[in-house]
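The values are calculated or read from the model by the stated rules, or taken from the named source; none is laboratory data. Treat the numbers as computed from the prediction; the structure is a model and nothing was measured. Using ideal geometry, Cβ is built from the backbone for each residue, glycine included, and neighbour counts are taken over all protein chains shown. Only protein heavy atoms, including side chains, enter the accessible area calculation; ligands, DNA and RNA are left aside. Shrake-Rupley method; radii C 1.70, N 1.55, O 1.52, S 1.80 Å.
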Amino acid sequence: MTTSTRVADFKLADWLPYWLTVDDLIGALAALAVLVALIGVYNALRSHNPFERRFAAIAQRKESLRRAVLDSGRTRRRVQAAGLMSEAVTRLNLLRSHHATEARALLAQAACGRAKR
């Protein structure tokens, strides 16, 4: 196979490897052009401003702190419920002892009243 170096005799297929056709080369170059265009659009829309990046980081931190507070509120409610139950038991015991004290006083008065008769 002889290749001519004259422009009029130029054939791209003669310069390509045997496993690559002209159609494959055109398709690959078109795909590469689309990829470069997409990267260019992405870089144009992406913020290069450090303030906006910092603002996004602060917003993300705020959201994570809010979620942490909400999650801890659920556990706090459980702890409060347990505290309320123990407080109720304590109050019932105090009421019981208060009633017992009143009953003892009444019994003592009754016993004294019988002893005087």
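Values as computed for the structure displayed
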quantity	calculated
Per-residue SASA entry for Glu87, accessible area with 1.4 Å probe, Å² rounded to 10	80 Å²
Selection of trypsin sites (Lys or Arg not before Pro), the stretch 1-71, meeting DSSP coil and at most 12 other Cβ within 10 Å	Arg6, Lys11, Arg46
Spacing of the two label points (7 Å from each Cα toward its C-beta) at His48 and Asp14, in nm	4.6 nm
Cα-based shape type of the stretch 1-69, given that a ≥ b ≥ c are square roots of the gyration tensor eigenvalues and the cut on a/c is 1.5	prolate
Residue-level accessible surface for Leu12, protein heavy atoms, 1.4 Å, Å²	70 Å²
